[in-house]
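Since the structure comes first, as structure tokens, the remarks are kept for the end.
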Amino acid sequence: MIQTAVVTISDRSFRGERQDGSGPLLRQLLVEAGAQVITAHLIPDEADQISALLTRLADDDSVDLVITTGGTGPAPRDVTPEATRAVIEREMPGLAELLRWDGYHRTPFAVLSRGIAGIRGRTLIINLPGSPRAVREGLEALGPLLATIVALIKDETPPDGPCAPQPQRRLVRRKPAKKLRGIPLEGVLQR
Amino acid sequence: MIQTAVVTISDRSFRGERQDGSGPLLRQLLVEAGAQVITAHLIPDEADQISALLTRLADDDSVDLVITTGGTGPAPRDVTPEATRAVIEREMPGLAELLRWDGYHRTPFAVLSRGIAGIRGRTLIINLPGSPRAVREGLEALGPLLATIVALIKDETPPDGPCAPQPQRRLVRRKPAKKLRGIPLEGVLQR
Amino acid sequence: MIQTAVVTISDRSFRGERQDGSGPLLRQLLVEAGAQVITAHLIPDEADQISALLTRLADDDSVDLVITTGGTGPAPRDVTPEATRAVIEREMPGLAELLRWDGYHRTPFAVLSRGIAGIRGRTLIINLPGSPRAVREGLEALGPLLATIVALIKDETPPDGPCAPQPQRRLVRRKPAKKLRGIPLEGVLQR
């Protein structure tokens, strides 16, 4: 069972000016997905505090997966991506890209998220935006991939089941229009 | 009204060997979009000059938005992305990604652009490629998002209207084929 | 004719525990595409060795294009992206993005690749994942663009033919559903 930590990053929720809806929703969705949420945190948009907490969760608590919500936008106090980048050792750019391009087809404003994802030690850290909607849609996009990534990070064999990498029949649906697919590869590098 | 600056980056246009078509087009499109273009520049592909100009526009002139055109490709003299990265404080990777993936569906060569986007102080800086076509298509993709981003960067409430983040009815069009959407989230993290 | 080098990065293949299928496939596909493969290498997942080899291929051997296969995933020994980033001078993020988003529509696990692409001197370096399938699909996506990129990096005129940037009639197929395209640009920046 995947050990997860949930981190809400929000000045207003931290000061009690707004109820934190995204953290509890994230916890609920992770539990429904079969993960164990062993710890949840609510901290302000302070880069040092964010970096310190992520480091502790990865190094001391050894959780498999940390998901943050909030602080990914362009506002002056939004520093979650920078605080996360400071502590990850190997970036996983494809997860942040997927969140944005999948999200864009639901709401164009998804591309405003500056969130990143990466690995520290044996822990995967992912930034989600602060809105409950972004949390739900982000988990829908990433959820089926997480068990495989966590297993690979720990050098374990990825799990079987509908989300296992092989065979991918249930997952793969070929896109009809393939841009450059029409051009045969033969000769394209001949000059 | 959004205060903008236009920066054409091109050795050949700077030396007068080619007329700068993209700068004037960019200025015209921004004005049509309702922005105020308070300054326009034409400089060669020199990283130091690019960095210095972007810094001045953000720090002294306090423009809301700087859009550059040119110098984003793979040619030896194309250094706009590096010169921009040197002066931004917080990257907005989703804007550059959107330009490439949206552009790719019009012309595959859009992915050759190495352009980036980011924030310095209260100023948004965006790299567009040098061709007039890329300028027009880039603004078509980013235009409806810019007023919201600029407002958020300045810690202001985003504007109402068809481009406001809420409600997004006019903007959102759900994609029919959702790759992993078919898989219920329940249990995917159970192992 | 484009001068290429193929680099397989795999502990298991290096130790002889698994046959290297991707390297020979990559070589075959490049030759079919009309490139000249002047050298092929098989090295373990050691960052220093990867960086040293890429540097030598770019600086001494002056190949136009180096394609690596393997070491791009989230496993602890996967360090190809970091070793590549250490030696490139100018990143080409759009190539890695294209591999992931095009790949995602074939298999969602394509987004797990952490591969990057970039330029060192006059040499283009691209990371592909380790599986033969990823090698084949990656070349299908990137192949038609490579001759143009290599020419631009060398400050040469891109080649004519079906893959030339102009005219792009055979390549361009406009996507029907354009998210924000419906909104006229006029006035979107007026507040």
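Given the structure, is B:V111 more than 26 Å from C:H105 (Cβ to Cβ), in contact with a helix residue (DSSP H, G or I) (Cβ under 9 Å, 6 or more places away or on another chain) and not polar (S, T, N, Q)?
No, not satisfied.
Inspect all residues belonging to the stretch A:13-35 and state whether any of them is touching a residue at least 60 places away in the same chain (Cβ under 8 Å), away from every other protein chain (no Cβ under 14 Å) and closer than 24 Å to A:R122 by Cα.
Checked against the condition, which is being touching a residue at least 60 places away in the same chain (Cβ under 8 Å), away from every other protein chain (no Cβ under 14 Å) and closer than 24 Å to A:R122 by Cα, the stretch A:13-35 yields no hits at all.
Of all residues in the stretch C:87-99, which are within 8 Å of another protein chain (Cβ to nearest Cβ) and either surrounded by fewer than 23 Cβ atoms within 10 Å (Cβ to Cβ) or within 15 Å of B:G94 (Cα to Cα) (or both)?
C:R90, C:E91, C:P93, C:G94, C:A96, C:E97, C:L98
What number of residues within the stretch A:74-89 satisfy the criterion of being within 16 Å of A:A47 (Cβ to Cβ) and in a loop (DSSP other than H, G, I, E, B)?
9
Looking only at residues that are in a helix (DSSP H, G or I) and free of Cβ contacts under 8 Å to residues at least 40 places away in the same chain in the stretch B:36-52, which one is surrounded by the fewest Cβ atoms within 10 Å (Cβ to Cβ)?
Top of the filtered list is B:D48.
Confirm whether C:R106 is modelled with pLDDT under 95, among the charged types (D, E, K, R) and touching a helix residue (DSSP H, G or I) at 6+ places or on another chain (Cβ under 8 Å).
Yes.
Given (1) modelled with pLDDT under 95; (2) surrounded by fewer than 23 Cβ atoms within 10 Å (Cβ to Cβ), identify the lone condition not met by A:P144.
That leaves (2) as the condition not met.
Out of (1) in a helix (DSSP H, G or I); (2) of a type in the set (V, I, T); (3) more than 14 Å from chain B (Cβ to nearest Cβ), the odd one out for C:T148 is which?
(3)
Okay, residues lined up against (1) in a strand (DSSP E or B); (2) within 14 Å of chain B (Cβ to nearest Cβ):
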| residue | (1), (2) |
| --- | --- |
| C:V66 | yes, no |
| C:T72 | no, no |
| C:F109 | no, yes |
| C:G118 | yes, yes |
| C:I126 | yes, yes |
| C:G130 | no, no |
| C:E137 | no, no |
| C:D155 | no, yes |
| C:P159 | no, yes |
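In the list B:T69, B:T80, B:T84, B:T55, which residue meets the criterion of being surrounded by fewer than 23 Cβ atoms within 10 Å (Cβ to Cβ) and of a type in the set (S, T, N, Q)?
B:T55 is the lone residue from the list that is surrounded by fewer than 23 Cβ atoms within 10 Å (Cβ to Cβ) and of a type in the set (S, T, N, Q).
The values are calculated or read from the model by the stated rules, or taken from the named source; none is laboratory data. The structure displayed is predicted, hence computed values, not measured ones. Methodologically, a virtual Cβ is constructed for each residue, glycine included, from the backbone with ideal geometry; neighbour enumeration extends over all protein chains shown.
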